[in-house]
Amino acid sequence: MVERRLDWSRYGFGAAALLTGAVLFWLSLHCQGSDWFISETHADVIYTGLGRFREFPYFSFVFGGGTYFIQDPQSNLFSPAVPLILLAGPSIGLRLVEGLWGVAGVFAFTCWMRRRVSLEAALVGAVASATSLGVLWRIAVGNDMFMWHLGLPFLLWTADRVLSERSLQSSLWFALALGLLMLGPTFHSFTYLFVPVVPLYVLLELLFNRPNRREFLKIVGLFALACTLAVAMISFKLASWLKFPMQRLVGDYGVLPLWTSIEQLFDYSHVHRVRVAAAKFAGRHGRYAHGWGSEESATALPPLGSLFAIVGLFAAALSPAKRRLGLFA
């Protein structure tokens, strides 16, 4: 009698991704923070316009008595989340997106890091990143834009393929990942996560691999082609930004002092007692320097993640075999 055995490395990977997505979806069902109202209102505009009236929501009377909606950088109007919003409604649809980001985040992170570490280590890192305190906090308050941060491993994974394979197919995969992410509400993600991290990662890989001149020019050409195709994918979104004015109110929420930003990496209590000054008054003395209290901060990280980053720096200094991985950490 033939004994059947499960491939735990294969099925465990899928189970961990699905379980992570289920946890994030379950958490989102039990959260109703202040930003959920805004996110669901955006989704409701999409659901009402496309689903009920079969009209594209160029304009909405919901925000500020009437503003253009097509160019709103916080909207999911062009993102892959639209089918889920139309299928399950503005509330459940958005929460399904949160769960799918958990699955996709674990999958992409594991596939990317699998080239450098064991499957078990990559899977632990993937689940830790998708269930980190920053992600759970964003789900709790309902800021769905920041869930798109979990798309970073997709960019690094496809960038890795361009660097290693140097083929047209790898360039097209990078263009597809970049274009799909830019179609979402990823203005913040690109501003202070994707744009700094991806070029730095590519630069470090080039410094370690040291390709010759011909290989270097080929890599640059493939990345240039991918970026051009990605921009072409979102050309209608960029045209909307250029054509329609942004009429929503924009506030100045201030800046934190450098040392306070460093301290709060290890101590979340800073976000409850720090005084924040308006950005236009930063560095000035007198009454403008006092500012106001801050209830939350997007720069705070879980202490465990900060500790691992420091360990990575020591590994880069002491272990030549792990230097590339440690430097990037």
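No value in this document is a laboratory result; all are computed from the given coordinates. What you see is a predicted model; the values in this text were computed from it and never measured. FYI the Cβ positions are ideal-geometry reconstructions off the backbone, even for glycines, and counts take in every protein chain you see.
Annotations for the structure displayed:
- Fewest-first sequence of SER319, SER240 by Cβ atoms within 10 Å of each Cβ: SER319, SER240
- Counting neighbouring beta carbons within 10 Å and listing from fewest to most, the residues HIS149, HIS42 come out as HIS149, HIS42.
- Stokes-Einstein D (µm²/s) once Rh is taken as the Kirkwood radius of segment 166-230 over alpha-carbon pairs, at 4 °C in 1.567 mPa s: 102 µm²/s
- PHE314 versus PHE56: modelled label distance in nm, points set 7 Å from Cα along the beta carbon direction: 5.6 nm
- Segment HIS30..LEU229, full-extension length gain: 67.7 nm, with 0.36 nm per residue of separation and the alpha-carbon distance subtracted.
- Applying 1/(1 + (r/R0)^6) with r as the Cβ-Cβ distance of VAL141 and ARG210 and R0 = 35 angstrom yields a FRET efficiency of 0.20.
- By the count of neighbouring beta-carbon atoms within 10 Å, fewest first, TYR58, TYR201, TYR47, TYR11 end up ordered TYR11, TYR58, TYR201, TYR47.
- Cα gyration tensor category, rounded, prolate or oblate, for segment 31-111 with a/c compared to 1.5: prolate
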